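Reading through the structure tokens given below for one structure.
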Amino acid sequence: MEGEGETGQMGVKAIVKYLNGKGIFTRDGGRWGIGQVHRVLTRRTYIGEHRFNRRSNKGVVKPEDEVVTVEVPAIIERDTFDAVQKLLQARNPKTELPARVVIGPTLLTGICYCGNCGGAMTIRTGKSGRYRYYACSIRARQGETGCKGRAIPMDKLDDMVVHHIEDRLLDPDRLEVMPGTVLGRREDQAERQRQHIAELERRATESELRLKRLYDAVEGGVADLDDPALKERIVGLKVIRDQARADADRAQALLDSPGHSAISPAMIEKFATIARERIRGREGGYRRDFCARSHSASRSLTTRFASWDRRQNC
């Protein structure tokens, strides 16, 4: 729950990145994924409650009253497990805002709150729909006795927010120093990728050597090729070797891709122009999503630029 003890709490993605980056692989020697880590963090077997008979032979989920729970030795304290579940629930993006809010064209729905009472600001219309306002939902339901907050024209508040984000994120001075940040991250990622490739190649070489020793044992009459256990061992080593080589080839191809090319001033200028146009657009989720994450402006802009740059080089 506290990361490495110094870095603070880590989300599921950060845990996946940490495990793979440290070369701590799964029991089968594969890389960790988000789903695998999430299942480990939510598996009740670790607190002494093993559940089975959850699905039929065809994979259909059975009713809860058919699920059997067996008591097993616990290796995780329940308080720790419950705390992790609360953190996972709090970090789950599906619990933050409904999809219609995230992708809708209305800029501040779900992220704008009354400065007087803290209630959500909702859309109200006037003059047969010709005018639209952000108004306090508490005042709308309870009148002035609930809140004295006032309504604000939607276009006016939207424009103020967009202006602020443009000035903060797309400031020329910020854009000048941004390539160094992006390149620094790229180099860190490339170094981790090279380490991972080396580990995969080591695993493939080690499996190949083990296979050679087994074949030598067969040729020397020490082992019997018809032995089922030996056959199974040979097949397993071949799978590990071939998978490691395939993963290493894919990782190397990604490392050699054009996406790792240098960032030019022209690319930055193009990115800024496109970002300004899209954040000013009245339709689509980009504008809405961009503003919703303005609380992490520096990180958001750097991430968006890196993502946009990769797409341009694909």
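The values are calculated or read from the model by the stated rules, or taken from the named source; none is laboratory data. Just so we're clear, the structure is a prediction, and the values are computed from it rather than from any experiment. Glycine gets a Cβ as well: all are built from the backbone with ideal geometry, and neighbour counts include every protein chain shown. Only protein heavy atoms, including side chains, enter the accessible area calculation; ligands, DNA and RNA are left aside. Shrake-Rupley method; radii C 1.70, N 1.55, O 1.52, S 1.80 Å.
The table for this structure:
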| read-out | value |
| --- | --- |
| Listing of helices (runs of 4 or more DSSP H) fully contained in segment 1-105 that carry 3 or more residues being modelled with pLDDT under 90 and within 30 Å of Val235 (Cβ to Cβ) | 12-21, 34-42 |
| Subset of segment 32-49 [open to solvent by 70 Å² or more (accessible area, probe 1.4 Å) and in contact with a helix residue (DSSP H, G or I) (Cβ under 8 Å, 6 or more places away or on another chain)] | Ile34, His38, Arg44 |
| Single condition Ile111 does not satisfy, out of (1) among the aliphatic types (A, V, I, L, M); (2) assigned to a helix (DSSP H, G or I); (3) open to solvent by 40 Å² or more (accessible area, probe 1.4 Å); (4) at pLDDT below 85 | (2) |
| Check on Val61, free of Cβ contacts under 8 Å to residues at least 24 places away in the same chain and among the aliphatic types (A, V, I, L, M) | yes |
| Matching residues in segment 215-229 - criterion: being in contact with a Leu (Cβ under 7 Å, 6 or more places away or on another chain) and in a helix (DSSP H, G or I) | Val218 |
| One residue from Arg233, Arg203 being modelled with pLDDT of 90 or more, farther than 30 Å from Glu269 by Cβ and charged (D, E, K, R) | Arg203 |
| Scan of segment 173-186 for residues that are open to solvent by 40 Å² or more (accessible area, probe 1.4 Å) and either modelled with pLDDT of 70 or more or in contact with a strand residue (DSSP E or B) (Cβ under 7 Å, 6 or more places away or on another chain) (or both), ordered by number | Asp173, Arg174 |
| Flag for Gln243 being open to solvent by less than 80 Å² (accessible area, probe 1.4 Å), under 21 Å from Trp32 (Cα atoms), of a type outside the set (A, V, I, L, M, F, W, C) and touching a residue at least 40 places away in the same chain (Cβ under 8 Å) | no |
| Residue in segment 233-240 that is among the charged types (D, E, K, R), under 30 Å from Arg194 (Cβ atoms) and open to solvent by less than 70 Å² (accessible area, probe 1.4 Å) present | no |
| Where a residue in segment 188-206 is under 22 Å from Asp28 (Cβ atoms) and its partner, wherever it lies, is open to solvent by 90 Å² or more (accessible area, probe 1.4 Å) and not hydrophobic (A, V, I, L, M, F, W, C), with Cβ under 6 Å and at least six apart | Ala204/Arg245 |
| Enumeration of residues in segment 252-283 that are buried (at least 17 other Cβ atoms within 10 Å of the Cβ), modelled with pLDDT of 75 or more and closer than 26 Å to Ala190 by Cα | Phe271, Ala272 |
| Among (1) within 27 Å of Arg278 (Cα to Cα); (2) open to solvent by less than 50 Å² (accessible area, probe 1.4 Å); (3) at pLDDT below 85 - the single one Gly126 does not satisfy | (1) |
